[in-house]
Amino acid sequence: MLTNRIIKGYILLQSGLHIGGSDAGIHIGGIDNPVIKNPLTGLPYIPGSSLKGKMRFLLEHSVIRNIKELIPKKMTIPVYHRFNNNTIPLVFGNIEHSKDTNFMPTRVIFRDSHIIGVIKEFNKESFTINDIHTNIEEIRELMGSDFVEAKTEVTIDRLSGTVGGGGPRQIERVSAGTVFAFEIILRSFENDNAEEHFKLLKKGLKLVENDALGGSGSRGSGKIKFFGLTENDHEFSLD
């Protein structure tokens, strides 16, 4: 028997977000590293693979005591058994498909997250859906762009403190204050520990909040906040 738990909510950017897209067609003087965009609307979005991959990475590192044991080998379910935790590959999928591995179907589906508006006071402690300004065309006109900004970066020579070789480069980011709607489907099969899987996802969301999403996280990008969270239309919190 298969049942679905639908987890919905909003992702608020509290700093610029860079998830790279195709640089095909860029011209001289243009952005070096554009963000991924929907070709029909021209608006940035967050691929489900980006959120899923970062969440899985952080969850794995939260339970693995010695990452060096995993470097020479592929990450298999027996490795997780040694750490008394096989829930992560069960929920997120086991990529090693061989006769020696117990293949398990992925329990989670991460949808792409699309822009629904902005929150101007994006550094408050709490938010509701009523704080979101949802008039996309009005926001585009106010920002003078499709929710993006160009961030200039340089390489600093750490001995002299001066700009290093290569000159400045521009990285495109989705601007802070932008709000995306996200959805995760948690599938449960017979004999699954559905509550344990749900708790794992909540932990993963909190870990992403405390880390960063996308690139250049160590340089200030990718700080996000989840809010308005529901599970099958029932509100829940990450606290």
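The values are calculated or read from the model by the stated rules, or taken from the named source; none is laboratory data. Fair warning: this is a prediction, and the values are worked out from it, not measured in the lab. Every residue, glycine as well, gets a Cβ built from its backbone with ideal geometry; the counts of neighbours run over all protein chains shown.
Does the stretch 177-197 hold any residues that are under 12 Å from ARG5 (Cα atoms), touching a Lys or Arg at 6+ places or on another chain (Cβ under 9 Å) and either surrounded by 16 or more Cβ atoms within 10 Å (Cβ to Cβ) or not hydrophobic (A, V, I, L, M, F, W, C) (or both), and which are they? If you could, list the steps in order and put the result at the bottom.
Kept after step one, since they are under 12 Å from ARG5 (Cα atoms), are these residues of the stretch 177-197: 183-189, 194-195, 197.
Remaining after also requiring touching a Lys or Arg at 6+ places or on another chain (Cβ under 9 Å): 183-189, 194, 197.
Matches in the stretch 177-197: GLU183, ILE184, LEU186, ARG187, SER188, HIS197.
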- Message: When you check GLY228 against the structure, is it modelled with pLDDT under 90 and either aromatic (Phe, Trp, Tyr) or closer than 19 Å to ILE46 by Cβ (or both), yes or no?
- Response: no
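Starting from residues that are over 17 Å from ILE132 (Cα atoms) and modelled with pLDDT of 95 or more, keep the ones in the stretch 1-11 and report whichever is surrounded by the fewest Cβ atoms within 10 Å (Cβ to Cβ). Talk me through it step by step, then tell me what you get.
Just the residues of the stretch 1-11 that are over 17 Å from ILE132 (Cα atoms), to begin with: 1-7.
With the extra rule that they be modelled with pLDDT of 95 or more, the set shrinks to 6-7.
Details: ILE6: 14, ILE7: 21.
Within the stretch 1-11, the match that is surrounded by the fewest Cβ atoms within 10 Å (Cβ to Cβ) is ILE6.
Residue under question is PHE236, and the condition is that it be at pLDDT 95 or above and under 22 Å from LYS8 (Cβ atoms); does it hold? Break it down into steps so the answer makes sense when it comes.
On the way: at pLDDT 95 or above: no; under 22 Å from LYS8 (Cβ atoms): yes.
Answer is no for this residue.
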- Okay, strands (runs of 3 or more DSSP E) sitting entirely in the stretch 118-229 with 1 or more residues that are aromatic (Phe, Trp, Tyr), I get 178-188
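Report, by residue number, each residue of the stretch 28-49 that is among the aliphatic types (A, V, I, L, M), modelled with pLDDT of 90 or more, in a loop (DSSP other than H, G, I, E, B) and surrounded by 12 or more Cβ atoms within 10 Å (Cβ to Cβ). Working first, answer last.
Residues of the stretch 28-49 that are among the aliphatic types (A, V, I, L, M), as a first pass: 28, 31, 35-36, 40, 43, 46.
In the following step, the residues that additionally are modelled with pLDDT of 90 or more were identified as 35-36, 40, 43, 46.
Now narrow it down to the ones that are in a loop (DSSP other than H, G, I, E, B): 36, 40, 43.
Hits for the stretch 28-49 are ILE36, LEU43.
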- When the stretch 213-239 is checked residue by residue, the ones that are within 30 Å of GLU149 (Cα to Cα) and free of Cβ contacts under 8 Å to residues at least 24 places away in the same chain are GLY217, SER218
- In the stretch 12-27, residues that are at pLDDT below 90 and not in a loop (DSSP other than H, G, I, E, B) total 1
- Message: Within the stretch 105-114, does at least one residue satisfy the condition of being modelled with pLDDT of 85 or more, closer than 26 Å to GLY20 by Cα and among the aliphatic types (A, V, I, L, M)?
- Response: yes
- Task: Select from the stretch 198-234 the residues that are within 13 Å of LEU59 (Cβ to Cβ) and crowded, with 19+ Cβ neighbours inside 10 Å and write down the one among them that is farthest from the chain's Cα centre (by Cα).
- Result: LEU200
